[in-house]
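Worksheet for the structure shown next.
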Amino acid sequence: MLIGAHVSTAGGLAKAVSRGEDLGCSSIQIFNQSPRAWKPSAYGDEDFAAFREAMDKSDVQTVIIHAVYLINCATPDPELRAKSLTSLTNALRIGEAIGAIGVVLHPGARKDADLAPAIERAGSVIGEAIADSESCPVLIEQMAGHKGILGHDFDEIAALTEAAGGGDRVGLCLDSCHLFVSGYDIRTVEGLDGVLKEADAKVGLDRLKALHVNDSLVPFGSKRDRHADLGEGEIGERSLALFLSEPRFDGLTATLETPGKDKKGATAEDVAFARKLRSRGLKARAVMS
Ligand SMILES: [Zn+2]
């Protein structure tokens, strides 16, 4: 498992790699542009080359892009749809230029509109973005379940995957916090096993390319998205240790999106603690079997 954190690209793409190194990350996640503005970052070939060179020299092995929050692939508004498509396609092209594993995407919000047509709308934008780019996968993120946000359960993710064309560039990103607040009980080995069996049956675990590892400030099934530092929330150290040591997650990138003690994001201590929890989980599993 490649444990790492979400890092800022302030100062340039290559700067994100050195931030990842400072945190002791084996993997990093970045935004391809400011997450709260439509304006794309003006990256050119030199930026991509500098990024790849920095990666080659570092212990950071993989990079994931998180698409910007403004994207709403499910919108019925033609202007927002066009902006969402442009932004997602741009993220995929940057992903290709920097060798990213995928672009993590919040699949969209339907607000009060009907579910099935919203899923069709979202799927068609995702499918078009894939068709307009070469190789980088879209990783649909399993969401926290607040009303009107698509993708909180595996039925919706399966329908979105299908609506996006169902090809091998439609992938999945699982977030421990989102699973927990959506009512997927990942607190025990058996619970997590059941959740992954359902994900496999409905979506296919071969699509799972990335994990977000976060504790939850809010209770099980509460359908709100409030990340907490590992061990400081409602999921707790023991269950996160099991999540991090799940055999089906071996080899995946696992990104901390935790607030950190100064609310500036995960620290080197947090990344080290995640590794410690993983080894604790491996030991606990060895005793159980
Ligand atoms: Zn996300």
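Just so it is clear, none of the values below were taken in a lab; they were calculated from the coordinates. Quick caveat, the model's predicted, so the values are computed rather than measured. Ideal geometry is used to build each Cβ from the backbone, glycine not excepted, and the neighbour counts take in all protein chains shown.
Would you kindly derive the ³J(HN,Hα) couplings of the stretch 80-97 from the backbone phi angles with the Karplus curve 6.51 cos²θ - 1.76 cosθ + 1.60 (θ = phi - 60°), listing them in order in whole Hz, with x for Gly and Pro?
Result, ordered by residue: 5, 4, 4, 5, 5, 5, 4, 5, 5, 4, 4, 4, 5, 5, 5, x, 5, 5 Hz.
What whole-number distance in Å separates the alpha-carbon centres of the stretch 241-279 and the stretch 17-46?
Centre-to-centre distance over Cα atoms comes out at 19 Å.
Taking the Cβ of each residue in Glu156, Glu46, Glu246 as the centre, tally the other Cβ atoms inside 10 Å and list the residues starting with the fewest.
The fewest-first ordering by Cβ neighbours comes to Glu46, Glu246, Glu156.
Set the bar at 18 Å for Cα to Cα. Now go through Lys15/Lys264; Lys39/Lys83; Lys147/Lys223; Lys111/Lys147; Lys209/Lys283; Lys15/Lys261 and name every pair that lies beyond it.
Lys209/Lys283; Lys15/Lys261
Once both labels are modelled 7 Å past Cα along the beta-carbon direction, what's the Arg285-Lys147 spacing in nm?
The modelled label-to-label distance comes out at 3.9 nm.
Could you work out the helix-only [θ] at 222 nm for the chain, with each DSSP H run of four or more residues adding -39,500 (n - 2.57) and the total divided by the number of residues, to the nearest 500 deg cm²/dmol?
-13500 deg cm²/dmol
Amide H neighbours of Leu2 under 5 Å, counting only residues 5+ apart in sequence or on other chains, H built in-plane at 1.01 Å?
Gly251, Leu252, Thr253, Ala254
How compact and how long is the chain, expressed as Rg and Dmax of its alpha-carbon atoms in Å?
Gyration radius and largest Cα-Cα distance of the chain: 17.9, 56 Å.
Averaging over every viewing direction, what projected area does the convex hull of the Cα atoms of the stretch 7-114 cover, in nm²?
7.1 nm²
What list do you get for Arg285, Arg93 if you sort them by fewest beta carbons within 10 Å?
Ranked by crowding around the Cβ, least crowded first: Arg285, Arg93.
Taking R0 as 51 Å, what's the FRET efficiency between Asp45 and Asp262 from their Cβ-Cβ distance, rounded to 0.05?
0.90
Taking the Cβ of each residue in Val103, Val271, Val203, Val189 as the centre, tally the other Cβ atoms inside 10 Å and list the residues starting with the fewest.
Val189, Val271, Val203, Val103
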